[in-house]
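Enquirer: Before anything else, here's the structure in question.
FYI, it's all coordinate maths here, none of it is from the lab. Because the structure is predicted, anything quoted here is derived from the model rather than measured. Cβ atoms come from the backbone with ideal geometry, glycine included; neighbour counts cover every protein chain shown.
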Amino acid sequence: MKRIPTLVHRIVLALIIVQLSACNFVKNKHIDRPFNKFVKGIETQVAENPTDTNKLLLKRAQKLEKQVDGSVDIINDIPHLDGQLSGNLEASIQFVKENGPKIKKYMSDIEKSLSKTVGMVQDLGASNYEVDPYKRRSILSTDEKAQNEALVLFSLAYIRNMAMKSMSVIFPFTIGTYEESYEASEEMMTFRKEIMELYLGINGMIVITQRDIEATTVKLKHYKSEGLLSKTTDKSIGRLFSKTLSHEKKLISNNKKMIEELDDEKREKFEEVKEQYMAKFEGKSFLFDPRNPDNIPLKILAWVGNLTWGAFNSLVGLGWVIGTAIVSPFTRYVDFPTIKLSRSGVQLYADVSNTTFFRGKVSLGIFELDQNAGWSFASYHEGGHALQSALLGPLYLPAVALSYMMNGGHGGFIESWATTWGNVVNK
């Protein structure tokens with residue numbers, strides 16, 4: 001055996017350290033300090049010039065602060081795990097049975113919490129394009145837009161930092177499942193797949209926020225060159241970058257060391273799975289894009305179609321939601337379903353997490369059913385499925401089954417079709 005025993009010991013140690021430091025695991029001090037200076041600058045503006053837009057910006061900054069505090073509490077509430085992953089296959093299987101649901105629920109709660117801040121990034125971006133219908137001009141002045149973009153930057157920095165910290169919790173499990181003896185167990189291979197998807201989902205969020213931070217920085221540099229950034233805002237942004245770079249280097253270095261503990265074959269397998277999954281996030285962004293306004297006619301078509309011709313699919317979805325509500329009081333792993341408008345706008349988002357063993361989303365008529373993926377995840381893709389359901393009606397589910405059967409359990413034409421139409425919904 002090559003180096004895996006050493007790796008297992010490192011993983012066990014990493015998990016012990018995380019659990020012992022749980023109450024102080026996530027700290028945002030390197031972001032909090034420049035952010036607080038930025039907020040004080042807004043407070044000064046409000047005191048000197050109490051316009052509605054200045055007051056609204058302050059209110060949004062305070063809302064971001066509350067959202068971040070809520071996310072920190074959730075991430076720091078690391079569940080107590082009984083047992084450990086080790087070279088003993090039977091003990092590891094028992095560990096997975098007892099702790100797998102806890103880990104999945106913990107990561108699901110984190111993603112739901114972070115998705116609220118993602119929603120705020122969208123709202124902030126959209127407000128920069130709001131037009132007064134009577135004066136026929138932008139509601140925000142150019143310097144107010146600049147401050148709005150600064151708040152977007154801080155929001156993204158918080159999301160990225162908390163996602164990276166969350167990844168530090170899940171990453172030891174991800175690497176730990178590559179113990180060679182686990183490959184003889186179906187339970188351990190299922191856990192490996194589930195835990196890998198949780199890790200890669202968080203990693204995707206980190207990649208997207210990094211691209212968005214870079215894009216937002218370009219905008220802020222333009223505002224600075226035009227003299228539209230106040231000194232306080234400019235200094236706050238500069239301090240944010242200097243502190244963030246040194247902080248993130250440590251997290252990246254620790255994860256890199258764990259990957260290096262894998263032997264060449266397992267490291268290659270790990271990187272291959274990661275590369276394939278991360279391709280899904282190419283071109284994705286959390287930023288509001290004014291070039292992709294809502295396609296209202298198609299959205300109306302989706303709703304009408306799924307309440308008439310596609311009503312059977314909607315009824316199946318409703319049955320799933322009702323079943324989740326009935327089961328929820330009898331298990332701590334299934335919460336009463338949260339229902340709200342989906343991000344795509346063509347379905348009702350329903351959180352039915354932990355009612356199945358996979359992570360992702362299922363579309364059934366007017367319902368976008370979330371399995372530990374979060375409100376923002378693949379919503380427009382699911383909107384594409386909603387259009388399929390509206391078009392195909394009772395033939396939708398047979399078409400899905402046929403597509404998966406023809407492709408050996410993979411999505412095939414039904415999934416690529418949904419992605420194409422999902423992009424159309426949002427144009």
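Enquirer: If you average 1/r across every pair of different Cα atoms in the stretch 117-231 and take the reciprocal, what Kirkwood value do you get, in Å? Before the final figure, lay out the partial values.
Expert: Details: mean 1/r = 0.0592 Å⁻¹.
So the Kirkwood estimate lands at 16.9 Å.
Enquirer: To make sure I understand, if each residue's beta carbon is the centre and we count other beta carbons within 10 Å, what order do 185, 155, 71 fall in, fewest to most? If you can, show how the numbers build up before the last one.
Expert: On the way: 185 16, 155 29, 71 26.
Arranged by neighbour count, lowest to highest, 185, 155, 71 become 185, 71, 155.
Enquirer: At a Förster radius of 51 Å, what calculated FRET efficiency corresponds to the Cβ-Cβ distance of residue 130 and residue 90, to the nearest 0.05?
Expert: On the way: r = 60 Å, r/R0 = 1.18.
Approximately 0.25, to the nearest 0.05.
Enquirer: Still on this structure, please answer the following. By DSSP, what percent of the beta bridges with both residues in the stretch 296-425 are antiparallel, rounded to the nearest 5? Don't jump to the answer; show the numbers that get you there.
Expert: Working: 8 of 12 bridges.
About 65 percent, rounded to the nearest 5.
Enquirer: Please get the size of the charge dipole for the stretch 296-425, origin at its Cα centre, with Cβ charges of +1 on Lys and Arg and -1 on Asp and Glu, quoted in debye to the nearest 20.
Expert: Details: 6 positive and 6 negative charges, 20 e Å.
Approximately 100 debye in magnitude.
Enquirer: What translational diffusion coefficient, in µm²/s and rounded to a whole number, does the Stokes-Einstein relation yield for the stretch 301-366 at 10 °C and a viscosity of 1.306 mPa s, taking the hydrodynamic radius as the Kirkwood radius over Cα pairs? Don't skip to the answer; put the middle values down first.
Expert: Working: Rh = 12.5 Å.
In µm²/s, the coefficient is 127.
Enquirer: Okay, next question. At 1.002 mPa s and 20 °C, plugging the Kirkwood radius over alpha-carbon pairs of the stretch 27-69 into Stokes-Einstein gives what diffusion coefficient in µm²/s? Present the calculation step by step, with values, prior to reporting the outcome.
Expert: Values: Rh = 10.8 Å.
It comes out at roughly 199 µm²/s.
Enquirer: Please work out how much length the chain gains when fully extended from residue 58 to residue 33, using 0.36 nm per residue of separation minus the C-alpha to C-alpha distance, in nm with one decimal. Could you put the intermediate results ahead of the total?
Expert: Details: separation 25, 0.36 × 25 = 9.00 nm, distance 1.65 nm.
Taking residue 58 through residue 33 to full extension adds about 7.3 nm, to one decimal.
Enquirer: Return the subset of 59/145; 105/361; 102/266 for which the Cα-Cα distance in this structure is over 22 Å, preserving the input order. Don't skip to the end; give the middle numbers.
Expert: Details: 59/145 15 Å; 105/361 15 Å; 102/266 27 Å.
Long pairs (Cα-Cα over 22 Å): 102/266.
Enquirer: Another one. What are the semi-axes of the equivalent ellipsoid of the stretch 296-425, taken as the square roots of 5 times the eigenvalues of the Cα gyration tensor, listed largest first and rounded to whole Å? Mind dumping the intermediate values first?
Expert: Details: eigenvalues 101, 56, 39 Å².
The equivalent ellipsoid of the stretch 296-425 has semi-axes of 23, 17, 14 Å.
Enquirer: I need 281, 413, 330 ordered by Cβ neighbour count within 10 Å, fewest first.
Expert: 330, 413, 281
Enquirer: Order these by the 10 Å Cβ neighbour count, fewest first: 85, 287. Before the final figure, lay out each step's value.
Expert: Numbers: 85 24, 287 20.
Result, fewest neighbours first: 287, 85.
Enquirer: A further question on this structure: In whole angstrom, note down how far apart the Cα centers of the stretch 350-366 and the stretch 92-131 are.
Expert: That distance is 15 Å.
Enquirer: Determine the relative contact order of the stretch 296-425: mean sequence separation of Cα pairs under 8 Å and six or more apart, normalised by residue count, in whole percent.
Expert: Numbers: 243 pairs, mean separation 34.3, N = 130.
About 26 percent, as a whole number.
Enquirer: Taking the Cα atoms of the stretch 187-246, what is the range of coordinates along each of the three principal axes, in descending order and whole Å?
Expert: 59, 20, 12
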